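Bear in mind these aren't lab numbers, they're just calculated from the coordinates by the rules spelled out. These numbers come from a predicted model, not from an experiment. For neighbour counting, all protein chains shown are included, and Cβ atoms are generated from backbone atoms with ideal geometry for every residue, glycine included.
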Amino acid sequence: MVSLAVYDFVGEQIAPEDGPVAVAAKQRGLRALEDNPEISLLAIPDAQVRPIQLNPIVPPPPCVPDPCVENPPPVPRPFPQPVPESPPLFGETELYQIQSQMVLQCESKRDRFALLDPPYEASHGDLPGIREALSWRDRFDTEFAALHSRGSPCWIRWRATRGRLV
C-alpha cells in the first residue's frame, strides 16, 4: 500500500491509439468508473486513511530453566513479528489532485455527484471546525460536489450562485 500514488486513484486519459496493454495500465481508479452509467456517487475516503496504533503484542516472560535438570533444552527463539503495511500519507496537494479529478468527471458526465472530504488535519486536528472545511470547499466551484466534514455534524454545500451555506 505504501507504493500507492495519486495516479492509482485517478488513472490516465486513454488515447485512441493506445493498445490493450496501455488501456489496461491507464484505466484505473476514477478512469475505471468513467464509462459505467450505473455510477451516481463518487467518494474516495481511502485517499486519507491513517493507520491506527494497535495494542502491541508483549511476549511472555522467559522461562527460568529448572535447576534440577542437567541439560535443559535451549530456549526457543521468538517468532519475528510481521511489519504492518502502511497506507500512503497524502498531503493537501495530492488530495486536491484526486478530488479535482472527481469533480471534473462529475461535471463532464453530468450524471454523478462527488462527495469530498477536507484534509485529514483539518477535520482531525486539535480544533476541527467549519472554517477549515469551508476553506477547502471553496477550492471547488461546482454544483456536482458536496463536502462531508467529520469535524462537523452536518453536511456542507456551498451554493456559488447565492453565496450562502445550505
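Structure notes:
- Filter result (within 17 Å of the chain's Cα centre (by Cα), of a type outside the set (Gly, Ala, Ser) and either under 19 Å from residue 116 (Cα atoms) or surrounded by fewer than 10 Cβ atoms within 10 Å (Cβ to Cβ) (or both)) within segment 1-32: 2, 6, 7, 8, 9, 10, 30, 31
- Looking at segment 14-121, the helices (runs of 4 or more DSSP H) lying wholly inside it that each contain 2 or more residues that are aliphatic (A, V, I, L, M) and over 30 Å from residue 149 (Cβ atoms) sit at 20-26.
- Matching option when the condition is of a type outside the set (Ser, Thr, Tyr) and over 30 Å from residue 122 (Cβ atoms), among 62, 45, 51: 62
- Of all residues in segment 67-98 being surrounded by 11 or more Cβ atoms within 10 Å (Cβ to Cβ) and more than 11 Å from the chain's Cα centre (by Cα), the one that is farthest from residue 140 (Cα to Cα): 72
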